[in-house]
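To start, the structure itself, in structure tokens.
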Amino acid sequence: MALNLLRAGRELFVWNRSPDGSNALREAGAEVTATVPELFAKTHVVICMLANEDALDSVLGRGTGAFEAMVKDRTIVSMGSNPPDYSQQLAADIQMAGGAYVEAPVSGSRKPAEAGELVCLLSGNPDDVEAVRPYLVPMCKEIINCGRIGNASLLKLAVNHYLCTMLAGLAEAVHFAERNGLDLRLFEEAIAVGPMSSDLARIKISKLVNHDFSIQAAMVDAYNSTSLVADVARAKAIASPLLDQTRQLYGESLSLGNDRLDMISVIDAIRARTKVLRGAMQAT
């Protein structure tokens, strides 16, 4: 994402919690700052792409004396996935400190990020949203205005709800095909020419056929996404039976050591269930 900003000619200051993660950006022309306060001192628009709300609070120094000094007169753009109520409270705290906050979670994994083809879901004060839009264009193929703070996070959760359950269903279908002795490349071909065809399906089926679980979207992130959706569903008394079962499968895949594999490695959890089922049938 940052490389796409550089390619678009943006002057860029960067900081990464893992210092080695900035090497490619330094080589591409970004100025790497040693600390977060140094970065804030050099710019007025700060884009954060962090794993969760704890990481974002830590980087912003929220709850410490450093927070107000850093965010005052600056626009903070959060492109990670956070709970809607957290996002609303963070926006209120930043505004109280004299800054502005734009909620901008994105949909898409590694390949769309590299290609500048993410889908950005954008919420915030209309003037703030329009001010940051030019910074988002080099990273995204589409930008969808979602209205007030919290709506972008909710829409991201709805998208992830569909994505996570769909990919678990795809993995289960591949497992069904393989256990019945079908040629998985025929399954791949049938999906590619049928109504279920999509760029995502093509990529993930290929990974399943080739036993390639290298990360595009990590299993641990998929599990966390389903947990966020489940939390909101429970809080609002919304039934989510498919999501709940999907979350359980992702959790079982994590227990198999797949946290840093692609989320499509959920097929391992399904295979493990089949092994247990077959063992039970043989025992009787």
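Just so you know, all these numbers are worked out from the coordinates, no wet-lab data involved. What you are looking at is a predicted structure, and each value in this text was computed from that prediction instead of being measured. No Cβ is skipped: glycine too gets one built from the backbone with ideal geometry, and neighbour counts run over all protein chains shown.
When the square roots of the Cα gyration tensor eigenvalues are ordered a ≥ b ≥ c, the ratio a/c for the stretch 199-267 is 1.5 or more and a/b exceeds b/c, which makes its shape prolate. Taking the chain as a Gaussian network of alpha-carbon nodes connected by springs under 10 Å, the highest mean-square fluctuation of the residues GLY169, GLY99, GLY21 belongs to GLY21.
Using a 4.7 Å Cβ-Cβ cutoff, the cysteines of the chain lacking any partner cysteine are CYS48, CYS146, CYS164. Given +1 at the Cβ of Lys and Arg, -1 at the Cβ of Asp and Glu and no other charges, the dipole of the chain around its Cα centre is 540 debye to the nearest 20.
Here Rg/Rh (Cα atoms, Kirkwood Rh) was computed from the coordinates, and among [x] 1.02; [y] 0.94; [z] 1.20 the match is [x].
Note that the stretch 229-236 has calculated 3J(HN,Hα) couplings of 4, 4, 4, 5, 4, 5, 4, 10 Hz, one per residue in order, obtained from phi through the Karplus relation 6.51 cos²θ - 1.76 cosθ + 1.60 (θ = phi - 60°); glycine and proline are x. Considering only SER87, THR75, LEU167, the residue lying farthest towards the positive end of the dipole of the chain is LEU167, judged by Cα position with unit charges set on Cβ. Of the residues GLY99, ALA113, LEU60, the one whose Cα sits farthest towards the positive end of the charge dipole of the stretch 8-156 is ALA113 (charges of +1 on Lys and Arg Cβ, -1 on Asp and Glu Cβ, taken about the Cα centre). Normalised by the number of residues in the chain, the average gap of Cα pairs under 8 Å and 6 or more apart makes the relative contact order 13 percent.
Return a whole-number percent for the relative contact order of the stretch 95-190, with Cα pairs under 8 Å and 6 or more residues apart as the contact set. Don't jump to the answer; show the numbers that get you there.
On the way: 107 pairs, mean separation 23.1, N = 96.
About 24 percent, as a whole number.
Stretching the chain fully between ILE203 and ASP231 yields a gain of 7.1 nm (0.36 nm per residue, less the alpha carbon separation).
Using only the C-alpha atoms, the convex hull of the stretch 1-123 corresponds to 106 Å³ per residue. Take the Kirkwood radius over Cα pairs of the stretch 39-89, plug it into Stokes-Einstein at 10 °C and 1.306 mPa s, and you get 139 µm²/s for translational diffusion. Comparing PRO112, PRO195, PRO84 in a Gaussian network model of the chain where C-alpha atoms under 10 Å apart are linked, the largest mean-square fluctuation is found at PRO195. Considering only ILE144, ILE76, ILE94, the mean-square fluctuation computed in a Gaussian network model of the chain, springs between alpha carbons under 10 angstrom, is largest for ILE144.
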